[in-house]
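See structure below.
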Amino acid sequence: MARLRDCLPRLTRAIRCLLFWSLVYCYSGLCASVHLLKLLWSIGKGPAQTFRRVAREHPPACLNDPSLGTHCYVRIKDSGLRFHYVAAGERGKPLMLLLHGFPEFWYSWRHQLREFKREYRVVALDLRGYGETDAPSHRENYKLDCLITDIKDILDSLGYSKCVLIGHDWGGMIAWLIAICYPEMVMKLIVINFPHPNVFTEYILQHPAQLFKSSYYYFFQIPQFPEFMFSINDFKTLKHLFTSQSTGIGRKGCQLTTEDLEAYIYVFSQPGALSGPINHYRNIFSCLPLKHHMVTTPTLLLWGEKDAFMEVEMAEVTKMYVKNYFRLTILSEASHWLQQDQPDIVNKLIWTFLKEETRKKD
């Protein structure tokens, strides 16, 4: 009987693990089946259109706009990877490090690069696998530990020991993890439309609506097929994400210009450009939930209530994981792409938070 009692906790954990991975793989297969049906439907309607891709050899002019900053590169000694970033503001000013989401790149922060360079050295990074940053081929190179170490090494390479850290979407996930693992590196934490990682993993298992909204996490577990689906119809899925009524930018805010949209398509239409970004998601289920999860950094969480991918209730729950000053602002008419959708409001809220925290500390 005593031996049975000793084995019971291990047996319970094993059963829970089995159920969890059964859910992951079953739902991944279901999502893949749905997308396969979409592919077959598209081919049936017009095979030539389905496999059409426009050649894009030269970047749009907006990607070389000098008002956004200077294109820079840094090679990390330990990993050997070369990272691309755009920097604005004078060297020596406090560092503001910007981490984009999916499917984005440094250009997502164009409004913030212009705004905050007056008082900060603003650095908008291309994350590992994105844009002009190196993209290792194996999915194991995109584990959360690697992504966290990247940010730590970037700070060291830039000559800084701490920064104001701002992350959106997947970049928000990384920003939370940096604040948890290296709190001494983060003066202020600002996250846009991503909850604390533990809130996300707990909520998604308890709320079918969020499970449905996060179906792309599961679809991305399938090798190669997601990259192919993003590229058909000349990257129609990518265009839809940024422009549709249900998910896009600018329903009640700034409109994404034709050149802005072309910038995204240009970057992700380059050979192999989708594999690195999607590989970020292919390790997620083996890394969460976190063992250490409390955040001790002053934190601002900004949320677009019309987010098509994240339930707003997760934002409310997040405050229980922050053991410091915490402010949550929900913008009622804003989308998931908040810093592009409502840049003036977002910039004002960030300024207020930064100044308020400075006064409070003093």
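The values are calculated or read from the model by the stated rules, or taken from the named source; none is laboratory data. Source: prediction; values computed, not measured. No Cβ is skipped: glycine too gets one built from the backbone with ideal geometry, and neighbour counts run over all protein chains shown. Protein only, heavy atoms only, side chains kept; ligands, DNA and RNA dropped before computing areas. Shrake-Rupley method; radii C 1.70, N 1.55, O 1.52, S 1.80 Å.
Taking interchain pairs and intrachain pairs at least six residues apart, which have beta carbon atoms under 6 angstrom, with the first residue in the range 269-284 and farther than 16 Å from I222 by Cα and the second outside any helix (DSSP H, G or I)?
Close Cβ pairs satisfying both conditions: S269/R56.
Return yes or no: is Y218 more than 30 Å from F116 (Cβ to Cβ) and in contact with a Cys (Cβ under 7 Å, 6 or more places away or on another chain)?
So Y218 passes the test.
Conditions tested, residue by residue: (1) in contact (Cβ under 8 Å) with a residue 24 or more places away in the chain; (2) in a loop (DSSP other than H, G, I, E, B); (3) buried (at least 20 other Cβ atoms within 10 Å of the Cβ); (4) of a type in the set (V, I, T).
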| position | (1), (2), (3), (4) |
| --- | --- |
| H35 | yes, no, no, no |
| E104 | yes, yes, yes, no |
| Y107 | yes, no, yes, no |
| R110 | yes, no, yes, no |
| R114 | yes, no, no, no |
| G129 | yes, yes, yes, no |
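Please go through the range 289-312 and pick out each residue that is under 29 Å from D145 (Cβ atoms) and either among the charged types (D, E, K, R) or surrounded by fewer than 14 Cβ atoms within 10 Å (Cβ to Cβ) (or both).
Selection gives P289, K291, H292, D307, E311.
What's the total number of residues in the range 210-250 that are more than 18 Å from A263 (Cβ to Cβ), outside any loop (DSSP other than H, G, I, E, B) and open to solvent by less than 50 Å² (accessible area, probe 1.4 Å)?
13
Would you be able to say whether some residue in the range 148-163 is in contact with a Lys or Arg (Cβ under 7 Å, 6 or more places away or on another chain), of a type in the set (S, T, Y) and crowded, with 16+ Cβ neighbours inside 10 Å?
no
Would you confirm, using the coordinates I've provided, whether L68 is open to solvent by less than 50 Å² (accessible area, probe 1.4 Å), out of contact with any Phe, Trp or Tyr (no Cβ under 9 Å at 6 or more places or on another chain) and modelled with pLDDT of 95 or more?
So L68 does not fit the description; no.
Which condition breaks for T258 when tested against (1) closer than 30 Å to S33 by Cα; (2) open to solvent by 60 Å² or more (accessible area, probe 1.4 Å); (3) modelled with pLDDT of 90 or more?
If we test T258 against (1) closer than 30 Å to S33 by Cα; (2) open to solvent by 60 Å² or more (accessible area, probe 1.4 Å); (3) modelled with pLDDT of 90 or more, just (1) comes out false.
Scanning for something assigned to a helix (DSSP H, G or I), of a type in the set (A, V, I, L, M, F, W, C) and open to solvent by 60 Å² or more (accessible area, probe 1.4 Å), does the range 271-279 turn up at least one residue?
No.
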